[in-house]
Structure formats: C-alpha cells, structure tokens
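The values are calculated or read from the model by the stated rules, or taken from the named source; none is laboratory data. Remember, predicted model here, so these are calculated numbers, not experimental data. Backbone-built Cβ (ideal geometry, glycine too); neighbour counts: all protein chains shown. SASA here: full protein model, heavy atoms, side chains in, ligands and nucleic acids out. Shrake-Rupley method; radii C 1.70, N 1.55, O 1.52, S 1.80 Å.
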Amino acid sequence: MQKPADKMTYYVVRERAVPEVLQKVVEAKRLLDRGTAATVQEAADMTGISRSSFYKYKDDIFPFHEETRGKTITFVIQMDDEPGLLSNVLQIIARFRGNILTIHQSIPINGVASLTLSVHILPGEGDAQTMIQVIEQSEGIHYLKILGRE
C-alpha cells in the first residue's frame, strides 16, 4: 500500500548545509530554554530573525546530539483505532531497545486515537531517529510529532 505524501522525512545534515535562518531559530530556542531571553520576541531580536520565522520553523529544527542515544524522547501519535496497532507500535519501540516510561492513549474519536509516549533509549542500544521513522511509516499511523527530548 502506498504511504500518504504528507509523511515526514527526517534528515541529518552538517551545519554548513543548514540555512542561516534555521540556525538562528535553533539559537533562539536555546536562549529561551536557558532563560537568557524571556520572550520569543526578545530571542528573535537577539538572533536577528523575525518572530514569524521563529514560529514558522521552531517545530521543524532541533540540534542533533550524539547523545540522542541514552535520552528520553516524548512524542504524540495519532493513529487508527484498530486492534493490534498499539501492539505494533510497542513492538517497534522494543525492537529499537526503547524503554517505555509513560504511555497514555485517549478515547478514540471518529476512529482515531491519540497516543502520548515517553521512551528512554539506553546509551549505545537503539537508534531513536530510525525508530521514529519506522513508527511514522507504519500502517494506520496518521501523525507523529516529537514533543521533547531530554
């Protein structure tokens, strides 16, 4: 079966290949996370980008750290409410040596359920990026978004 065209594809690229505006969005996010900037406007001013550029790209760019392994990733999935689909997602996580810390599935509405997961990938054990791609490309998965990484 053909996958929908709106599925996301993830890339790892060297910093020199990333447009300057995206690098500045990452820096603005760092300023906000550290408390150096109190508002998005302040972070945008400090990095030389517009507030609209920050909001346009903030969910699409984040720095890749070698220590992605050994980290906790929280993500949300919208998926069909079909028997065995949740089990398939959990098997994928297990295959990539992920340890599920929290899991919450909403009551399905119109045949679609939302699932929020926090998964810990042990150092040297699993590949979080590939795990997310495999989940996202699975039959019955409509949407996957990373909410946070620690």
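Observations on the structure shown:
- The set of residues in the range 5-35 being of a type in the set (A, V, I, L, M) and either surrounded by fewer than 10 Cβ atoms within 10 Å (Cβ to Cβ) or at pLDDT below 85 (or both) consists of Ala5, Met8, Val12, Val13, Ala17.
- Those strands (runs of 3 or more DSSP E) of the range 41-150 in which at least 1 residues are open to solvent by 60 Å² or more (accessible area, probe 1.4 Å), considering only elements entirely within it, cover 72-80, 98-105, 141-149.
- If the condition is being farther than 18 Å from Ser118 by Cα and either hydrophobic (A, V, I, L, M, F, W, C) or at pLDDT below 95 (or both), then the range 66-80 contributes only Glu66.
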